[in-house]
Amino acid sequence: MSPHEQPGSRGYSVPTGRPYALKELQAALGALGDQARELYETAHPAEYEPVADALHAAFQTAAGLAPARSYTGCPEHPNGALDPEAPEGWGRCLICNDRRRLGRRGQGGAPRPAGEQPRLGYPVPDPPYTLQGLRDLLRTVEEQRFHLNLSSPDADFVRLADDVHRAFIVARELSRPRGASGCTEHPGAPVDPDAPPGEACIFCAGRKRRSQRSPGTPEMLPRIRRGERRQLQRRFDRPTG
């Protein structure tokens with residue numbers, strides 16, 4: 001039975017709001033091809049900004065048509081920040097992992113059993129980001145848009161949202177000011193003044209330093225809020241009266 005067919009119904013039931021949203025998405029994606037054709041290899045980053053803005057708006061509409069998903073897999077903070085250094089066996093939610101690091105056991109961060117993991121976030125293409133890569137993604141989106149209709153399965157809307165998000169990421173990175181670091185992975189990254197020549201990207205330099213750190217090197221713990229620090233330092237209860 002289709003997920004949009006109700007028991008006892010005679011046929012397909014269109015979800016509320018889908019006709020309007022699909023029409024809006026079709027119109028937005030149809031105009032993107034013309035905008036991308038006006039770009040050229042040496043275009044200024046500011047010329048990519050209208051395409052990135054249009055793709056972001058189209059992605060929001062496409063994500064609304066697809067089934068909802070969680071960025072972190074956390075039921076309490078589904079759209080919270082991701083923990084870039086989550087220990088093995090922990091979840092991806094930065095807020096819950098910080099709680100666990102502070103000693104609050106059992107307050108989130110534990111992974112779900114296999115088979116119950118929701119679809120996390122949206123895909124991000126690997127660098128380098130080029131105009132040709134953006135055009136290829138837009139061509140894929142255009143082919144999917146042509147075959148999309150009100151009775152399309154949810155998997156088609158999920159696939160379209162994923163590809164629109166990939167195209168948005170590429171256009172967003174191309175719209176960033178070209179940094180002096182020369183890094184193809186992080187074009188707008190600031191320069192690390194302490195990095196050796198040829199490794200000026202502050203993000204890549206920090207990643208390299210972390211990988212070269214010995215296992216016994218002390219690490220900075222998350223900062224404890226002021227109220228929590230006073231509570232931890234108090235060893236005895238105050239006398240009454």
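Where a number appears in this text, it was derived from the coordinates with a stated rule and is not lab data. Note that the coordinates shown come from a computational prediction; the quantities given were computed from them, not determined experimentally. Cβ placement follows ideal geometry from the backbone for every residue including glycine, while neighbour counts extend to all protein chains displayed.
Semi-axes, largest first, in whole Å: what does sqrt of 5 times each Cα gyration tensor eigenvalue give for region 28-73?
27, 13, 7
State the extension gain, in nm to one decimal, for the chain segment bounded by R176 and H147, taking 0.36 nm per residue of separation less the distance between their alpha-carbons. Before the final figure, lay out each step's value.
Numbers: separation 29, 0.36 × 29 = 10.44 nm, distance 3.28 nm.
So the extension gain works out to 7.2 nm.
Can you give me the long-range amide H partners of D192? Hydrogens built in the peptide plane at 1.01 Å from N, cutoff under 5 Å, separation of 5 or more residues or another chain.
C201, I202
Hey, can you rank 53-64, 128-139 by average C-beta count inside 10 Å, highest first? Mind showing how you got there, number by number?
Working: 53-64: 19.9, 128-139: 16.8.
Descending packing order for the listed peptides: 53-64, 128-139.
Calculate, for R69 and Y20, the FRET efficiency according to 1/(1 + (r/R0)^6) with r their C-beta to C-beta distance and R0 22 Å; round to the nearest 0.05.
Numbers: r = 22 Å, r/R0 = 0.99.
Efficiency, from the Cβ-Cβ distance: 0.50.
Just to verify a number: FRET efficiency for D136 and R209, C-beta to C-beta distance, R0 = 41 Å, to 0.05? Could you put the intermediate results ahead of the total?
Working: r = 35 Å, r/R0 = 0.85.
The pair D136/R209 has a calculated efficiency of 0.70.
Given the peptides 208-215, 190-197, arrange them by the average over their residues of other C-beta atoms within 10 Å, most packed first.
On the way: 208-215: 9.0, 190-197: 11.4.
Taking the mean over residues of other Cβ atoms within 10 Å, the ranking is 190-197, 208-215.
For D194 and D34, what does the FRET efficiency come to when R0 = 51 Å and r is the distance between their Cβ atoms, rounded to the nearest 0.05?
FRET efficiency, D194 to D34: 0.65.
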